[in-house]
1. Take residue 205 and tell me if it is at pLDDT 85 or above and out of contact with any helix residue (DSSP H, G or I) (no Cβ under 8 Å at 6 or more places or on another chain).
2. So which residues in segment 7-44 are at pLDDT below 85 and loosely packed, with under 15 Cβ neighbours inside 10 Å?
3. Please pick out the residue among 183, 156, 143, 177 that is closer than 30 Å to residue 30 by Cβ and modelled with pLDDT of 80 or more.
4. Does residue 130 qualify as being at pLDDT below 80, part of a helix (DSSP H, G or I) and not assigned by TED's automatic domain parsing to the domain that holds residue 86?
């Protein structure tokens, strides 16, 4: 059975009773498209099909359990976000695994050892890879949330405020350039904060 058929069966089992036949068909097509797109992005990592299915299945269960229809967030938008995050988690796992193998191979040619027992090269690669991965991951996550907020949750004015906050404008600059009040900025920040909480992420450093 191919990936498409497997995913369709999973989606029917999870959402068949809550969606109409027409909406379910649209949902299935959309989810398959999301999976294929994300799969192509990380195919160079030589994905294991069974592992990928497992991660996507977990994501679909998460969508089913956590989606709140009372919020102004379309099911497909929420599913899109969660599935992408879980596939990215899988990609990060594969990258870490492959990096360890690469380090072991290269260490044959550079075996100097630091005080803590790491080779110099391993230490350099680990530190650089971790910092860059964390920065890239955080930046992409914030952009995804901001895009979702502007498209589905925000008023036109709130979308402008959110984009200016992301671009680094101060509250004073936003008030002047966007012609908004401090209260409107604070309300927008609170709305963004609640959205981050909804998507089940740590916002302590935002």
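The values are calculated or read from the model by the stated rules, or taken from the named source; none is laboratory data. Computed from a predicted structure; not experimentally measured. Here the Cβ positions follow ideal geometry from the backbone for every residue, glycine too, while neighbour counts run over all protein chains shown.
1. It is false that residue 205 is at pLDDT 85 or above and out of contact with any helix residue (DSSP H, G or I) (no Cβ under 8 Å at 6 or more places or on another chain).
2. Passing the criteria: 36, 37, 40, 41, 43, 44.
3. The match here is 156.
4. yes
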